[in-house]
Amino acid sequence: MELIDWNDNFNTGIAGVDTEHQELIETINTFYSMISHDPKKETLVEMLNNIYATIHAHFMLEERLMKKYGYDEYESHRDDHVRLLDDIRDITEEVESPLTFDEEKLKTKLANWFLAHFKTHDARLHKLEQLITHPEKTDNSLITRFTTIKNRIFK
């Protein structure tokens, strides 16, 4: 069973963003599966660090597009990105702590985290015609951005 099932409602019309959303959901589902099989905390923390880096790279893409097109809710959307990244750090700390780790709470937090942001901030952002028709593609550059950001964060 997956934590988040991809569906067509998540499609934005922006190829690079859609690809990254699909990869993010796949990564979160992989993490969810790992929790269910009782892995070592070190493995979970490493996976959360990868999720953090992937999300951070994705947010950079969205923020670059918002700035480029003068998106009117850039500030609040960016602020939500900051909050969500803080949440991932909090989740990581919970996993590392023997006193606060609650598997069910963690699963709920991860699912709610993605779905709430996508249904609010991202839903409005992706309806903007100039972004939907944006020709920029991210193809394999996600791996490059992921590696660069991960190296910056964890050095």
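Candidates in the range 27-42 are the residues that are surrounded by 14 or more Cβ atoms within 10 Å (Cβ to Cβ) and either in contact with a strand residue (DSSP E or B) (Cβ under 7 Å, 6 or more places away or on another chain) or not aliphatic (A, V, I, L, M) (or both); of these, the one that is nearest to Glu62 (Cα to Cα) is Thr27. Regarding the range 127-147, can at least one residue be identified that is modelled with pLDDT of 75 or more and either of a type in the set (Val, Ile, Thr) or assigned to a helix (DSSP H, G or I) (or both)? Looking through the range 127-147, none of the residues is modelled with pLDDT of 75 or more and either of a type in the set (Val, Ile, Thr) or assigned to a helix (DSSP H, G or I) (or both).
Each residue in the range 27-50 was checked for being under 17 Å from Ala116 (Cα atoms) and under 11 Å from the mean Cα position of the chain (by Cα), and 1 pass. Is it true that some residue in the range 51-66 is among the aliphatic types (A, V, I, L, M), farther than 18 Å from Ile14 by Cα and modelled with pLDDT of 85 or more? Yes. Within the set Asp79, Asp86, the sole residue that is loosely packed, with under 14 Cβ neighbours inside 10 Å, under 26 Å from Ser33 (Cα atoms), among the acidic types (Asp, Glu) and modelled with pLDDT of 90 or more turns out to be Asp86.
Please go through the range 92-114 and pick out each residue that is surrounded by fewer than 14 Cβ atoms within 10 Å (Cβ to Cβ) and in contact (Cβ under 8 Å) with a residue 40 or more places away in the chain. Of everything in the range 92-114, just one residue is surrounded by fewer than 14 Cβ atoms within 10 Å (Cβ to Cβ) and in contact (Cβ under 8 Å) with a residue 40 or more places away in the chain, namely Glu103. The residue list Ala15, Ala53 contains one member that is farther than 15 Å from Ala116 by Cα and out of contact with any helix residue (DSSP H, G or I) (no Cβ under 9 Å at 6 or more places or on another chain), which is Ala15.
The values are calculated or read from the model by the stated rules, or taken from the named source; none is laboratory data. If you're wondering where the values come from, they're calculated on a predicted model, not measured in any experiment. Note that each Cβ is placed from the backbone with ideal geometry, even for glycine, and that neighbours are counted across all protein chains shown.
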